[in-house]
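Below is one structure; the comments refer to it alone.
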Amino acid sequence: MKRWYFITIILFIVSSSAYGQSFNIAKKYRGDPFFTNNNMLKLEYDCIRHSDYWQDQNKQKKDDERCPLNHLKFDYGSLYKLIDKDPIAYKDNNIQLRLSAPKDDNDNIKEDLEVFGGKITLSLIHQNKVKDKIFLADDFFELGEYAVGYQRYYIAPSGDIYTILFVETEEGITPMLSKHYKIDTNKMEFTLKEILISAADTHFQIIYPTKFDVLTEKLQLDYSQQQSESCQEEIKDGEYYHCYLDLYKYYENKLKQKIKLLDHKQKVQTDSFPVLKQKMDSICLETASPIYYEDIFPYLSKMMSCSIQQFKQEIKQAEKKLTQ
């Protein structure tokens, strides 16, 4: 009995050291706690602008008031000066958390970063070695003539790190890529727990290691085989198209129907589809996650292609069992 008691104590200590540790992040580096909220749909709605936003000052004022991003207390633009003076956000006997920004040839933070932004990274350092690194923030980056982007973050005392990448156009501000990390001092890494993506009027949720969900209602579910093959030809170049969504739902529904028939044949009611979906998702989620804006659509292209392929393979397996 005592042996199991001590084993339980040890397991608790190990678990606490990885995820129960409190991180007293320097206040000037914490970011804004608003970004613990991952309701991207609501944030997207709150930050949309009326069509006459640029012509009507009253509408402009109301739209700006409605968008919570205009009321943040943390000054992200000041980070570059702070990093130049002291880059250490946290330090204990085991690890350091260090922020860094691009430097010039003389090893100084580039002066124009205060105006034009630049990628800020967060490093996890153990025994004077960088064990892991993530893209934390960027105050400004151009995305063509009519769009700009930026990334915000929050580092919680619990060791949870939240980042959101935004795109701003004349129509408003759209959160496109939200990430939730956890500092793991056993593995010495920033463990990615969840991703939310908003792209092409569609929302995606990824919860590691076994969940990839398409959150959308704008889909065609009556695809014929001929249309599916035509769509497959369209996406061969590796670009991301709305066509992926239609194929994804087409094959997902087809697999659900096959499994339902299989359950009926075997005279058992099981939760076989959710379990199978987790297995398929875990395979596809080995794809490297997106980091920057330019990674989002290639990532979705790979994920959707992988998922569609998994659906097809499992449909064949189910059909084979149905004919036995």
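The values are calculated or read from the model by the stated rules, or taken from the named source; none is laboratory data. These numbers come from a predicted model, not from an experiment. When we count neighbours, we look across all protein chains shown, and the Cβ atoms used for this are built from the backbone with ideal geometry, even at glycine. Quick note on the areas: whole protein, heavy atoms, side chains included, nothing else; ligands and nucleic acids left out. Shrake-Rupley method; radii C 1.70, N 1.55, O 1.52, S 1.80 Å.
For the range 33-97, calculate the relative contact order in percent as a whole number, restricting contacts to Cα pairs under 8 Å that are 6 or more residues apart. Kindly include the intermediate steps, with their values, before the conclusion.
Details: 33 pairs, mean separation 14.1, N = 65.
Relative contact order for the range 33-97 comes out at 22 percent.
Solvent exposure of His264, expressed as accessible area, is near 140 Å², computed with a probe of 1.4 Å over the protein chains only.
Val130 contributes about 80 Å² of solvent-accessible surface, heavy atoms of the protein only, 1.4 Å probe. Here the 3J(HN,Hα) profile of the range 118-123, calculated from phi with Karplus coefficients 6.51, -1.76 and 1.60 at θ = phi - 60°, is x, 5, 9, 10, 10, 10 Hz, Gly and Pro shown as x.
Out of the trypsin sites (Lys or Arg not before Pro) in the range 64-98, which ones are loop residues according to DSSP with at most 14 other C-beta atoms within 10 Å? Don't skip to the answer; put the middle values down first.
Details: sites: Arg66, Lys73, Lys81, Lys85, Lys91, Arg98; in loops: Lys73.
Those satisfying the criteria are Lys73.
Put a dot 7 Å past each Cα toward the Cβ at Asn186 and Glu170; how far apart are the dots in nm? Inter-label distance under the simple model: 5.4 nm. These residues, Thr287, Thr185, go from largest to smallest accessible area, 1.4 Å probe, as Thr287, Thr185. Using a probe of 1.4 Å on the protein chains alone, the accessible area found for Ile125 is around 10 Å².
Say the cut-off is 23 Å between C-alpha atoms; which of Lys258/Lys312; Lys277/Lys320; Lys85/Lys133; Lys131/Lys277; Lys28/Lys61; Lys179/Lys256 go over it?
Numbers: Lys258/Lys312 11 Å; Lys277/Lys320 19 Å; Lys85/Lys133 20 Å; Lys131/Lys277 33 Å; Lys28/Lys61 29 Å; Lys179/Lys256 30 Å.
Long pairs (Cα-Cα over 23 Å): Lys131/Lys277; Lys28/Lys61; Lys179/Lys256.
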